[in-house]
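Structure first, commentary second.
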Amino acid sequence: MVNKDMEINEAIIIRIKELCKKHNLTINGLAIKAGITQSTIDNIIKGNSKDPRIKTLILIANAFDLTIIEFLNTDKILKSVVD
């Protein structure tokens, strides 16, 4: 059986990296725009934070001008939840 938490975590990491690239934002730039510490985002990206708080994900989504639904609505994330 596959570890679903790891899959979801990896999908969120990929989503953040893709959006940073698309918006030409560094991790530090994202942290500033989201109003959270860079270490918080670093911990998510490095996989140290396996279960980021929904509040943190909402702030990250808002930094990209997305709702949390839009942020999470990707094939990778949805597949990791459904499978």
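The values are calculated or read from the model by the stated rules, or taken from the named source; none is laboratory data. Predicted model only: the values in this text are computed from it and were never measured. A quick note on method: Cβ atoms are made from the backbone with ideal geometry, for glycine too, and the neighbour counts reach across all protein chains shown.
Side notes on the structure shown:
- Comparison of K79, K50, K55 shows that the only residue that is modelled with pLDDT of 95 or more, over 18 Å from C20 (Cα atoms) and either exposed (fewer than 12 other Cβ atoms within 10 Å of the Cβ) or not polar (S, T, N, Q) (or both) is K55.
- Any hit, region 15-24, residues being of a type in the set (A, V, I, L, M), exposed (fewer than 15 other Cβ atoms within 10 Å of the Cβ) and touching a residue at least 12 places away in the same chain (Cβ under 8 Å): no
- Complete set of residues in region 67-83 that are more than 14 Å from I14 (Cβ to Cβ) and either in contact (Cβ under 8 Å) with a residue 24 or more places away in the chain or hydroxyl-bearing (S, T, Y) (or both): T67, V81, D83
- Residue in region 34-45 that is within 15 Å of F64 (Cβ to Cβ), within 14 Å of the chain's Cα centre (by Cα) and not β-branched (V, I, T) present: yes
- Residues in region 34-83 that are of a type outside the set (D, E, K, R), assigned to a loop (DSSP other than H, G, I, E, B) and over 20 Å from N24 (Cα atoms): G47, N48, S49, P52, N73.
- N48 farther than 17 Å from K79 by Cα and touching an Asp or Glu at 6+ places or on another chain (Cβ under 9 Å): yes
- Whichever residue in region 1-32 is modelled with pLDDT of 95 or more and part of a loop (DSSP other than H, G, I, E, B) and, among such residues, is farthest from the chain's Cα centre (by Cα): N24
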